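The values are calculated or read from the model by the stated rules, or taken from the named source; none is laboratory data. The structure presented is a predicted model; accordingly, all values stated were derived computationally and were not measured. Reconstructed Cβ throughout: ideal geometry from the backbone, glycine too, with neighbour counts over all protein chains shown.
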């Protein structure tokens, strides 16, 4: 497969995340994640199968919303929010993805619970322009 550009990689990540997390279309999602996918997240089992199994185990209300996405070379960082997981607070994530041959090949993430106004020492939301209701 030809090498993809940073702009193409950003578009692929957004489409891949929408396909897996929002549409829960596992067959279609396979075309975005490498069969040799490397997963560095402490809460996700290895490989593409581990990621898909995690999503299958979440409520159907799971949703991903992206706020910012940047790319350089073969790396993309997506700042987003995962809601509807059955947790007390949404997860705010910085997902780092490495591309290889146009596929998501490797992943790291940094997660935090979305802060409420009462719990935000800075007085600012951790995602978007407003606090969760």
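Remarks
- Residue in the range 114-130 that is at negative phi, in contact (Cβ under 8 Å) with a residue 60 or more places away in the chain and crowded, with 16+ Cβ neighbours inside 10 Å present: yes
- Only a single criterion out of (1) touching a helix residue (DSSP H, G or I) at 6+ places or on another chain (Cβ under 9 Å); (2) crowded, with 16+ Cβ neighbours inside 10 Å; (3) at pLDDT 95 or above is not satisfied by residue 12, namely (1).
- Residues of the range 21-46 satisfying the condition of being touching a helix residue (DSSP H, G or I) at 6+ places or on another chain (Cβ under 8 Å) and in a loop (DSSP other than H, G, I, E, B): 24, 25, 30, 32, 43, 44, 45
- Test: residue in the range 103-111 that is closer than 19 Å to residue 8 by Cβ, touching a helix residue (DSSP H, G or I) at 6+ places or on another chain (Cβ under 7 Å), crowded, with 17+ Cβ neighbours inside 10 Å and at pLDDT 95 or above: yes
- Looking only at residues of the range 47-65 that are out of contact with any strand residue (DSSP E or B) (no Cβ under 9 Å at 6 or more places or on another chain) and part of a helix (DSSP H, G or I), we find that the one that is nearest to residue 83 (Cα to Cα) is 55.
- For the range 26-42, a residue qualifies if it is free of Cβ contacts under 8 Å to residues at least 12 places away in the same chain and either under 15 Å from the mean Cα position of the chain (by Cα) or within 21 Å of residue 72 (Cα to Cα) (or both), and exactly one does: 42.
- Every condition in (1) surrounded by 15 or more Cβ atoms within 10 Å (Cβ to Cβ); (2) under 12 Å from the mean Cα position of the chain (by Cα) holds for residue 4 except the one numbered (2).
- Residue check for residue 81: in contact with a strand residue (DSSP E or B) (Cβ under 8 Å, 6 or more places away or on another chain), closer than 18 Å to residue 17 by Cβ, touching a residue at least 12 places away in the same chain (Cβ under 8 Å) and not in a strand (DSSP E or B): no
- Filtered residues of the range 76-94 (kept if under 24 Å from residue 105 (Cβ atoms) and surrounded by fewer than 15 Cβ atoms within 10 Å (Cβ to Cβ)): 94
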